[in-house]
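Novice: Okay, here's the structure, questions in a sec.
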Amino acid sequence: MNIMVKSKEELLQQLSDCVFEMDDENAADVAKDYIAAGYEALDGVLKGLVDGMNRAGQMYEEEEYFVTDLLVCSDAMYNGLDVLREHLPQETAEGAVNYKCVIGVVEGDTHDIGKNLVRIMLETAGFEMYDLGRDVPLQSFVEKAKDVDAQLICLSTLMTTTMPGMKEVVDILVKEGIRDKVKVMIGGGPLSQAYCNQINADGYAVNATGAVTVAKQLVGMA
Amino acid sequence: MHEQDQMTPNERLQAFMKGEKMDRILAMPILVSISHRVSGMTHREKRASALKQAQSQIDCYQRYGNDMMIIEYGLHGIGTALGSEMNDPEDSLPAIVNHVLHNLQDIDQLDFNKTKKENDPWFARTLEACEICQEKMGQEVPTGVLITGPFTAVSSIFPTEHLLRATRKDPASIHRLLRLCTDALKDIYKEYIERGIIILMCDPIASGTLLKKSQYVDFVKPYATELMNYIHQLGGMCCYHICGNTTSIVMEMVDTGPDMLSIDNLVDLEYVKEQVGKRLPILGNVPPVDVLMLGSRSDIFESVKTCILKGKDSPMGYIIASGCDITQNVPVENIDHMMEAVRKYGRYPIDEGLLNEPATNH
């Protein structure tokens, strides 16, 4: 029997590499080894899986990785996360802020790859994500944001026909008197900073890694 | 013929192909998703009837004098024929809500006979629309069909996100699907070509925004090349368009052998001209959203002028077009502005002085 236990650093590196190298089939096994060795689950998430996803995001930024690569990296991350999750501490540290974000594709549109990538990258960056899916009724974004006390709403669309729905979400927030409590970030193929300004949204990002930078700025995350 | 033009679009295109004199630069704004607006009907009315599909294109031509009418087979036709479910919005382009294939093990259950014109009412209707266009306007203006390329056809059968993953996890199955779609597309293209229709092959899911170059080379290029060859065997003509940023694959796209290349506004026209301008005519790339939908009249003039400045000396010729399909949210008057600017800046002989002035005072 092999009783050699790998060091924590070694296993963290393996977790990170499973994600970064798109080894989605082994991520869960490495995560099990990590837990079996008695190391802390939270470190496994942050210094292992998330670290790998951040490296992948960096490669995406540099146009070395493409959409397919990010999708498979994220499959590996979630496979590992499924194992580590139940071992995470139940209570968050005293005084820690939970940044909450509601995300979805606006009503009338079903293209959701871009939205999924942004959800993955924001989750990796530490946001608590509430993904409403695609073709989401506009009012639902606001309802969910109120329910969970979210600081950020992210709206995505690939179609020009559904762009006006984004303005409507901003208008609903104004009407309900909570516009100053929630930031709105938009993204998607036909959009631009000019359109963001025109509808009084708070931020626009050109891709999934850009979305992380803008989202952090908007909510004041360090 | 438009009152401010001296040649019909057919005469102009003929002259363009032979390198002879034209009255003005060819202009092919992609007036597909906007056309029902020009006719004052809803999208659902248009898509339900061959006559209305044709009428909306004829109305566009009569108003704008654009150089090609375009009937829409679209991007989802193969998927819907096979059983992918679409929504049915009153006044917007339908989208797929449930793909026919969820598991690559089930490819054998797909019945591609369903994509034939006898079995697919949508396909039959668009063919009829083409016939009406040809019968009513064929002596004056060419008609094209906006139709899917091989990779986007697969995405109408199998969800795009799974398709992307499978290019890595199960490439053999994706090649099988591409093989089946390519064969089906050959039969479909043939029907249009026999009616004298130009093929506008659009493959947005093969975009550089989604795929890396090696994926384009492995999964798209061989099938696109085969289709181009087939189109030429039949005596047809193909304009190839991929949405989004195609800067890194522009050479590969041209290697497939299209007759013309249409580029998105995310790609620099000058770069494309330098890379492939010697090999084929280039169409592009007035931004359909930032300029045509959200811009002012003078933004549109400025954009048309910039495109003509960049494209006019392209060795094999330049055709001004929108960078992508023009949607129904674009004010119909903005296409008047675009064509007015084309007639101002694109009149032969080109007035270089005019092109170098700012496009003010409109």
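Novice: Among all the aspartates and glutamates, which ones have a C-alpha under 20 Å from A:Lys175's C-alpha, if same-chain residues fewer than 8 places away are not counted?
Specialist: Filter leaves A:Glu107, A:Glu143, A:Asp147, A:Asp149, A:Asp202.
Novice: Comparing A:Tyr130, A:Tyr39, A:Tyr78, which has the greatest mean-square fluctuation in the GNM of chain A with Cα pairs linked when under 10 Å apart?
Specialist: Per the Cα network of chain A with a 10 Å cutoff, A:Tyr39 tops the list.
Novice: Peptide A:21-27: average number of partner chain Cβ atoms within 10 Å per residue? Write down the numbers at each step before the final one.
Specialist: Values: counts 0, 2, 0, 3, 1, 0, 0.
That average works out to 1.
Novice: If the viscosity is 0.692 mPa s and the temperature 37 °C, what Stokes-Einstein diffusion coefficient in µm²/s follows for the range A:1-137 when Rh is the Kirkwood radius over Cα pairs? Don't skip to the answer; put the middle values down first.
Specialist: On the way: Rh = 15.8 Å.
Translational diffusion coefficient: 207 µm²/s.
Novice: Classify the range A:100-219 from the C-alpha gyration tensor, please: rounded if a/c falls under 1.5, else prolate or oblate depending on whether a/b exceeds b/c. All intermediate terms of the calculation are to be shown ahead of the outcome.
Specialist: Details: a/c = 1.22, a/b = 1.02, b/c = 1.19.
Rounded, since a/c falls under 1.5.
Novice: As a test of understanding, state the convex hull volume per residue of the range B:183-299 from its alpha carbons, in Å³. It would help to have the intermediate numbers written out before the result.
Specialist: Details: hull volume 13.9 nm³, N = 117.
Per residue, the Cα convex hull of the range B:183-299 comes to 119 Å³.
Novice: Need one number: % antiparallel among DSSP beta bridges in chain A, to the nearest 5.
Specialist: Values: 0 of 17 bridges.
Here the antiparallel bridges make up roughly 0 percent for chain A.
Novice: Anything losing 10 Å² or more of accessible area from the isolated chain to the full protein assembly: pick those residues out of the range B:201-215, probe 1.4 Å, ligands and DNA/RNA ignored.
Specialist: Buried by the other chains: B:Gly208, B:Thr209, B:Leu210, B:Lys212, B:Gln215.
Novice: A follow-up question, please. Accessible surface of A:Arg85 in the full protein assembly, 1.4 angstrom probe, to the nearest 10 Å²?
Specialist: 120
Novice: Which residues of the range B:295-338 end up with at least 20 Å² less accessible area in the presence of all protein chains than when their chain stands alone, using a 1.4 Å probe?
Specialist: In the range B:295-338, residues shielded by partner chains: B:Thr327, B:Asn329.
Novice: Restricting to the range B:9-355, what percent of DSSP beta bridges are antiparallel, rounded to 5?
Specialist: Once the DSSP bridges in the range B:9-355 are tallied, antiparallel ones form about 10 percent.
Novice: Ignore the peptide's own chain and count Cβ atoms of other chains within 10 Å of each Cβ in B:92-100; give me the average, rounded. Don't skip to the end; give the middle numbers.
Specialist: Values: counts 6, 4, 0, 9, 2, 3, 1, 0, 0.
Whole-number average of other-chain Cβ neighbours for B:92-100 is 3.
Novice: Could you tell me which of rounded, prolate or oblate describes the range B:240-362, using a ≥ b ≥ c as the square roots of the eigenvalues of the alpha-carbon gyration tensor, with rounded for a/c under 1.5 and, failing that, prolate when a/b is larger than b/c and oblate otherwise? Write down the numbers at each step before the final one.
Specialist: Numbers: a/c = 2.25, a/b = 1.36, b/c = 1.66.
Verdict is oblate for the range B:240-362.
Novice: With a point put 7 Å past each Cα toward its Cβ, work out how far B:Asn87 is from B:Asp313 in nm, to one decimal.
Specialist: Each label point is offset 7 Å from its Cα along the Cβ direction, giving 4.9 nm.
Novice: In nm, to one decimal, how far is the A:Asn98 label point from the B:Leu355 one, both placed 7 Å along Cα→Cβ?
Specialist: 6.1
Novice: Separate question: What whole-number value in Å² describes the accessible area per residue of the protein assembly as shown for a 1.4 Å probe? Could you put the intermediate results ahead of the total?
Specialist: Details: 23840 Å² over 584 residues.
The answer is 41 Å² per residue.
Novice: What is the percent carbon and sulfur in the accessible area of chain B, measuring with a 1.4 Å probe over the protein chains and ignoring ligands? Before the final figure, lay out the partial values.
Specialist: On the way: 6650 of 13460 Å².
The computed percentage sits at 49.
Novice: Right, another one. Could you state the angle between the C-alpha long axis of helix B:221-233 and the longest principal axis of the C-alpha atoms of chain B, as a value from 0 to 90 degrees rounded to the nearest 10?
Specialist: So the inclination is approximately 70 degrees.
Novice: If you line up the long axis of helix A:27-36 against the longest principal axis of chain A, both from Cα atoms, how many degrees apart are they, to the nearest 10?
Specialist: Value to nearest ten degrees: 60.
Novice: Roughly how much of B:Met22 is accessible, in Å² to the nearest 10, using a 1.4 Å probe?
Specialist: B:Met22 exposes around 30 Å² with every protein chain in place.
Novice: If you don't mind, another one. Find the eigenvalues of the gyration tensor of the Cα atoms of the range B:87-166, then list the square roots of 5 times those eigenvalues as equivalent ellipsoid semi-axes, largest first, in whole angstrom. Display every interim value, and only then the final one.
Specialist: Details: eigenvalues 184, 45, 34 Å².
Equivalent-ellipsoid dimensions as semi-axes: 30, 15, 13 Å.
Novice: If you roll a 1.4 Å probe over chain A with all protein chains in place, what percent of the accessible area is carbon or sulfur? Intermediate results must be reported in sequence, preceding the final value.
Specialist: Details: 5000 of 10380 Å².
That fraction is 48 percent.
Novice: If you don't mind, there's one more thing I want to ask. Are there any residues in the range A:158-191 with a reduction of at least 20 Å² in accessible surface when going from the isolated chain to the assembly of protein chains? Probe 1.4 Å, please list them by number.
Specialist: When all protein chains are present, A:Met159, A:Thr160, A:Thr161, A:Met163, A:Pro190 each give up 20 Å² or more of accessible surface.
Novice: Now, a different point. Through the Karplus equation 6.51 cos²θ - 1.76 cosθ + 1.60, θ set to phi - 60°, convert the phi angles of the range B:154-165 into ³J(HN,Hα) values in whole Hz; use x for Gly and Pro.
Specialist: The phi angles translate into 4, 5, 7, 9, 10, x, 4, 5, 5, 4, 4, 4 Hz.
Novice: Cα axis of helix B:121-137 to longest principal axis of chain B: angle in degrees, 0 to 90, nearest 10?
Specialist: With both axes taken from Cα atoms, the answer is about 20 degrees.
Novice: Now, a different point. Pick out which of B:Asp313, B:Asp23, B:Asp259 has the largest mean-square fluctuation in a Gaussian network model of chain B, springs linking Cα atoms closer than 10 Å.
Specialist: Looking only at B:Asp313, B:Asp23, B:Asp259, the biggest GNM fluctuation is shown by B:Asp313.
Novice: Summed for both chains, how many Å² of accessible area, to the nearest 100, are buried between A and B with a 1.4 Å probe? Numbers along the way, then the final one.
Specialist: Working: alone 11410 and 14460 Å², together 23840 Å².
By this definition, chains A and B bury close to 2000 Å².
Novice: Something else: Would you please name the GluC sites (Glu not before Pro) within the range A:79-139 that are DSSP coil residues with at most 13 other C-beta atoms within 10 Å of their C-beta? Numbers along the way, then the final one.
Specialist: Numbers: sites: A:Glu86, A:Glu91, A:Glu94, A:Glu107, A:Glu123, A:Glu128; in loops: A:Glu91, A:Glu94, A:Glu107.
Those that pass, being in a loop and sparsely packed, are A:Glu91, A:Glu94.
Novice: If you take every DSSP beta bridge whose two residues both sit in the protein assembly as shown, what share of them, in percent to the nearest 5, is antiparallel? All intermediate terms of the calculation are to be shown ahead of the outcome.
Specialist: Numbers: 3 of 47 bridges.
That works out to approximately 5 percent antiparallel.
Novice: Rounded, prolate or oblate: which fits the range A:8-87 when a ≥ b ≥ c are the square roots of the eigenvalues of the alpha-carbon gyration tensor, with rounded for a/c under 1.5 and prolate only if a/b beats b/c?
Specialist: Cα axes put the range A:8-87 in the prolate bin.
Novice: Among B:Lys21/B:Lys278; B:Lys213/B:Lys344; B:Lys18/B:Lys186; B:Lys46/B:Lys116, which pairs are too far apart, with a Cα-Cα distance over 31 Å? Could the numbers behind the result be given before it?
Specialist: Numbers: B:Lys21/B:Lys278 19 Å; B:Lys213/B:Lys344 39 Å; B:Lys18/B:Lys186 28 Å; B:Lys46/B:Lys116 22 Å.
Those over the limit are B:Lys213/B:Lys344.
The values are calculated or read from the model by the stated rules, or taken from the named source; none is laboratory data. Please read all numbers here as calculations on a predicted model, not as lab measurements. Because the Cβ atoms are built from the backbone with ideal geometry, glycine has one as well, and the counts that use them run over all protein chains shown. When the accessible area is computed, the model is the full protein with side chains, heavy atoms only, and any ligands, DNA or RNA have been set aside. Shrake-Rupley method; radii C 1.70, N 1.55, O 1.52, S 1.80 Å.
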